[in-house]
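The values are calculated or read from the model by the stated rules, or taken from the named source; none is laboratory data. Predicted model, so just to flag it, every value in this text is computed and none were measured. So basically every Cβ, Gly included, is an ideal-geometry build from the backbone, and we count neighbours across all protein chains shown. Side chains included, ligands, DNA and RNA excluded: accessible areas come from the protein's heavy atoms. Shrake-Rupley method; radii C 1.70, N 1.55, O 1.52, S 1.80 Å.
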Amino acid sequence: MGQSPSSTAPALGGRGADPDPDPDPDDGHSAAKSKAVIWPVLGEAAADECAAPDLSLSISDLPDECLACVFQYLGSGDRARCSLVCRRWLAIEGQSRQRLALHAQSELLEAVPALFARFDSVTKLALKCDRKALSIGDEALVLISLKCRNLTRLKLRGCRALTDTGIAVFTSNCRGLRKLSCGSCAFGAKGLNAVIDHCASLEELSVKRLRSPTEGATVEPIGPGAAAASLKTICLKELYNGQGFGPLIIGSKNLRTLKLVKCYGDWDTVLQVMVGRVAKLVEIHLERIQVSDFGIASLSNCSDLEILHLLKTPHCTNLGLISVAERCTLLRKLHIDGLKLNRIGDDGLIAVAKRCPNLRELVLIGVNPTELSLDLLGSNCGTLERLAFCGSDTVGDAEIMCIAVRCVALKKLCIKNCPVSDEGMKALASGCPNLVKLKVKKCGGVTSEGAAWLRMRRVSLALNLDSSDQEQIDAFASDGGGEENHVEFPPVPSQTAGANIASSSGTSRSSSFKSRLGSLRGKSLMACTFRRWSSGSKDS
């Protein structure tokens, strides 16, 4: 009797509600009433249970799982700062970290127990040592393997004190390893064979500049081993006798990606034997290796091939490319660096245009196509989205006009050091309706006035054009191009043990940014440009 059917709870702003249970709608308090949270009254016995929610919760009340999830979205620097808030956050941040990068100097040995007592859930580990410093040895690597038996990824850079024995013990303790990348190390075939024998789940192997395999005239064969059944990617770079990996390549029946870069020796035989046993190859990258049309023609047996890079392979001609095009009809990406030898030209590209309708990306460096092959590529390859020419003496205004008319699906076009003028740019104003990005570098016939005219006609087009002043700067910077393949890690200053040894994967980015930027000055613009384009559209 006399009790109102509802009562007012404290408002969200922290102010109390009107104590009058039945306020007059005309007393001027109706606005305040509309903002209050109304809770139904179920009786005096349930009054406590139906009280308003406690709005005084703080971040300290979050469960450990929620905090760990939040930490996963933070960068390495923010995570490090969060770990200094309190002991609880320190423990949660360490236990939730799965990726860790360490300066692999010899002093790391003393810090290993404390580091991995905190970071006890690490599954991805990178050990990098400056070339002027003494790296960790077998003892530290074995100790790490005992602390991190759940490792799935390991990257070794500049760890020259590691031997075959240390690698063998490490892999016997970390048998779940799925990805191994090593560069500028000193262990050799015995250590790599131990990896392949112990890690039956290994899916990706990347080896670059190993010292030991280059010593002596004979090299112990590597593979196939237990990992041959699971390997999907093999990448070999700058190896004196990389053909020692032949048994591993040939025995990896489920191999999907093969990359051979600057590995000495004749690779025709290895490729010919490989394609008879490996039928699922999707990507092949051959750069600066000795391979002829016989080896290239054998790749035609890889009917699932989608990505092919033939870079600076001077013995490859139109015949090899025609053989690949006739049977590899699923080809999506094709990169060719012909070194301006005119051994690959219209004949090979016409075969690609006729047999590979799914082509989406075409990069031609030092290749001289004409309007004849470009017309067929534009007409038959309706999904061609990315196209680049570098150092092509035959790509002029007529060829650009042909591209503007035929390549309707084209989205990105890069032209460097070609005899193109403003007339070609005018053709792009009305052609290539889907074009969103255009780069024109070192094309003397293209002026800033022509570029401005094109910008006015196509406002949405992202146009990157060299000015004459910028060309001189680029030419001056390219004088250091001899070191284009080397990116060095900066030396680690000798400070406290923690700051000197441990770092997260993102911490080293800021410290080495200037060093990387300097080393990139001499790199090929085309390589940098289309590496970004390819990675951005890898799933396309």
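Condition first: charged (D, E, K, R), modelled with pLDDT under 95 and crowded, with 20+ Cβ neighbours inside 10 Å. Now tell me which residues in segment 407-440 satisfy that. Answer for segment 407-440, where residues must be charged (D, E, K, R), modelled with pLDDT under 95 and crowded, with 20+ Cβ neighbours inside 10 Å: there is none. Among residues of segment 443-465 that are β-branched (Val, Ile, Thr), none has a beta-carbon under 7 Å from a residue that is assigned to a loop (DSSP other than H, G, I, E, B) and open to solvent by 30 Å² or more (accessible area, probe 1.4 Å) at least six positions away or on a different chain. Just one residue in the set Thr329, Thr313 is closer than 23 Å to Lys208 by Cα, in a loop (DSSP other than H, G, I, E, B) and touching a residue at least 12 places away in the same chain (Cβ under 8 Å); that residue is Thr313. The residues listed here are Lys312, Lys333; of these, the one that is of a type in the set (D, E, K, R) and over 18 Å from Leu271 (Cβ atoms) is Lys333. The single condition among (1) open to solvent by 10 Å² or more (accessible area, probe 1.4 Å); (2) not in a strand (DSSP E or B) that Ala228 does not satisfy is (1).
Among the residues of segment 325-335, the one identified as closer than 15 Å to Glu287 by Cβ and crowded, with 23+ Cβ neighbours inside 10 Å is Leu334.
When segment 332-355 is filtered for residues that are over 17 Å from Ser292 (Cβ atoms) and in a loop (DSSP other than H, G, I, E, B), the ones remaining, listed by number, are Arg332, Lys340, Gly345.
Part of a strand (DSSP E or B), in contact with a Ser or Thr (Cβ under 9 Å, 6 or more places away or on another chain), open to solvent by less than 30 Å² (accessible area, probe 1.4 Å) and without any contact (Cβ under 8 Å) to a residue 60 or more places away in the chain - does that describe any residue in segment 169-181?
Of segment 169-181, the ones part of a strand (DSSP E or B) are 179-181.
Now drop any that are not in contact with a Ser or Thr (Cβ under 9 Å, 6 or more places away or on another chain), which leaves 179-181.
Filter once more, so that each one left must be open to solvent by less than 30 Å² (accessible area, probe 1.4 Å): 180-181.
Then drop every residue that is not without any contact (Cβ under 8 Å) to a residue 60 or more places away in the chain, which leaves 180-181.
Yes; the residues of segment 169-181 include at least one that is part of a strand (DSSP E or B), in contact with a Ser or Thr (Cβ under 9 Å, 6 or more places away or on another chain), open to solvent by less than 30 Å² (accessible area, probe 1.4 Å) and without any contact (Cβ under 8 Å) to a residue 60 or more places away in the chain.
Within segment 138-149, is there a residue that is touching a residue at least 12 places away in the same chain (Cβ under 8 Å), open to solvent by less than 10 Å² (accessible area, probe 1.4 Å), among the small types (Gly, Ala, Ser) and farther than 21 Å from Lys208 by Cβ?
Start the filter on segment 138-149 by keeping residues that are touching a residue at least 12 places away in the same chain (Cβ under 8 Å), which leaves 138-149.
Remaining after also requiring open to solvent by less than 10 Å² (accessible area, probe 1.4 Å): 140-141, 144-145, 148.
Narrowing the set further to residues that are among the small types (Gly, Ala, Ser) leaves 140, 145.
Retained after the next criterion (residues that are farther than 21 Å from Lys208 by Cβ): 140, 145.
Looking for residues that are touching a residue at least 12 places away in the same chain (Cβ under 8 Å), open to solvent by less than 10 Å² (accessible area, probe 1.4 Å), among the small types (Gly, Ala, Ser) and farther than 21 Å from Lys208 by Cβ, one finds at least one in segment 138-149, hence yes.
Tell me, please, whether a residue that is closer than 25 Å to Ala161 by Cα and open to solvent by less than 20 Å² (accessible area, probe 1.4 Å) can be found in segment 86-101. Yes; the residues of segment 86-101 include at least one that is closer than 25 Å to Ala161 by Cα and open to solvent by less than 20 Å² (accessible area, probe 1.4 Å). In summary, Leu255 fulfils each of the numbered conditions (1) closer than 17 Å to Gly223 by Cα; (2) open to solvent by less than 20 Å² (accessible area, probe 1.4 Å); (3) assigned to a helix (DSSP H, G or I) with the single exception of condition (3).
Return yes when Phe71 is surrounded by 12 or more Cβ atoms within 10 Å (Cβ to Cβ), under 25 Å from Lys155 (Cβ atoms), in contact with a Gly (Cβ under 7 Å, 6 or more places away or on another chain) and modelled with pLDDT of 55 or more and no when it is not. Even if it seems obvious, please write down each step before you answer.
Values: surrounded by 12 or more Cβ atoms within 10 Å (Cβ to Cβ): yes; under 25 Å from Lys155 (Cβ atoms): yes; in contact with a Gly (Cβ under 7 Å, 6 or more places away or on another chain): no; modelled with pLDDT of 55 or more: yes.
Against the criterion (surrounded by 12 or more Cβ atoms within 10 Å (Cβ to Cβ), under 25 Å from Lys155 (Cβ atoms), in contact with a Gly (Cβ under 7 Å, 6 or more places away or on another chain) and modelled with pLDDT of 55 or more), Phe71 does not qualify.
Among the residues examined, Ala111 does not qualify as within 16 Å of Phe170 (Cβ to Cβ) and not β-branched (Val, Ile, Thr). If you go through segment 83-129 and pick out every residue that is over 26 Å from the mean Cα position of the chain (by Cα), part of a strand (DSSP E or B) and basic (Lys, Arg), you end up with 0. Among the residues of segment 301-308, some residue qualifies, meaning at least one is part of a loop (DSSP other than H, G, I, E, B), in contact with a Lys or Arg (Cβ under 8 Å, 6 or more places away or on another chain) and of a type in the set (D, E, K, R). Considering segment 113-131, and only residues there that are open to solvent by 20 Å² or more (accessible area, probe 1.4 Å) and small (Gly, Ala, Ser), the residue that is nearest to Leu162 (Cα to Cα) turns out to be Ala114.
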